[in-house]
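Reading through the structure tokens given below for one structure.
The values are calculated or read from the model by the stated rules, or taken from the named source; none is laboratory data. Worth saying up front: this structure is predicted, and the values here are computed from it rather than measured. Ideal geometry is used to build each Cβ from the backbone, glycine not excepted, and the neighbour counts take in all protein chains shown.
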Amino acid sequence: MSKIALNCKKLRELDISYCYEISHESLVLIGRTCPNLKVLKRNFMNWLDPSQHQGFVPNDYLNACPQDGDDEAVAIANSMPDLKHLEIRFSKLSAKGLNSISQGCPNLEFLDLSGCANLTSRDIANASSSLVHLEVIKKPNFYIPRSVFHTERYGHWSLYDERFQTDIFRI
């Protein structure tokens with residue numbers, strides 16, 4: 001990553017999705033040496049349902065997944081203030097990391113938080129309220145049909161939700 005960052009100073013868009021060997025330190029280097037960066041795609045595989053990628057992705061690779069999304073969020077916030085488009089699907093960041101991004105990247109127009117299970121609707125609303133240029137935000141959707149997990153456990157809550165149309169079990 002250091003070769004790319006040091007030799008591509010005019011880089012405007014970078015997709016490092018599914019690259020688990022890139023650390024938050026690499027993100028800082030990229031941000032500091034590529035001041036024109038406007039689009040960053042840092043998506044991970046769905047760690048909530050690993051059956052989606054078992055069999056064709058080695059377990060060693062998946063186990064190398066960064067455990068602290070907040071470190072990456074702080075690195076992005078501190079070194080990439082001019083980002084307009086950020087995708088961090090299935091990141092393990094918390095409200096603290098999301099607040100760092102919203103304060104450090106005030107020009108965000110697009111933010112994809114799909115699969116970020118550590119965030120609540122309130123966390124997202126609080127953090128995104130300061131992003132005046134934000135046009136599109138993709139929030140995590142955790143209303144997962146029972147058929148996805150092939151289980152009947154706690155299925156009665158889903159039936160209750162469908163019957164009374166409360167949507168209280170959606171985040």
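Considering L62, L86, L111, L98, which residue is out of contact with any Lys or Arg (no Cβ under 8 Å at 6 or more places or on another chain), assigned by TED's automatic domain parsing to the domain that holds T33 and modelled with pLDDT of 90 or more? The conditions single out L98. Selection over segment 93-112 of residues that are surrounded by fewer than 21 Cβ atoms within 10 Å (Cβ to Cβ), in a loop (DSSP other than H, G, I, E, B) and out of contact with any strand residue (DSSP E or B) (no Cβ under 8 Å at 6 or more places or on another chain) gives a count of 3. Looking only at residues of segment 37-52 that are over 16 Å from the mean Cα position of the chain (by Cα) and at pLDDT 80 or above, we find that the one that is surrounded by the fewest Cβ atoms within 10 Å (Cβ to Cβ) is K38.
Residue-by-condition table, conditions (1) touching a Pro at 6+ places or on another chain (Cβ under 7 Å); (2) of a type in the set (S, T, N, Q):
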residue	(1), (2)
H85	no, no
F90	no, no
L93	no, no
G97	no, no
S102	no, yes
L108	no, no
L113	yes, no
L119	yes, no
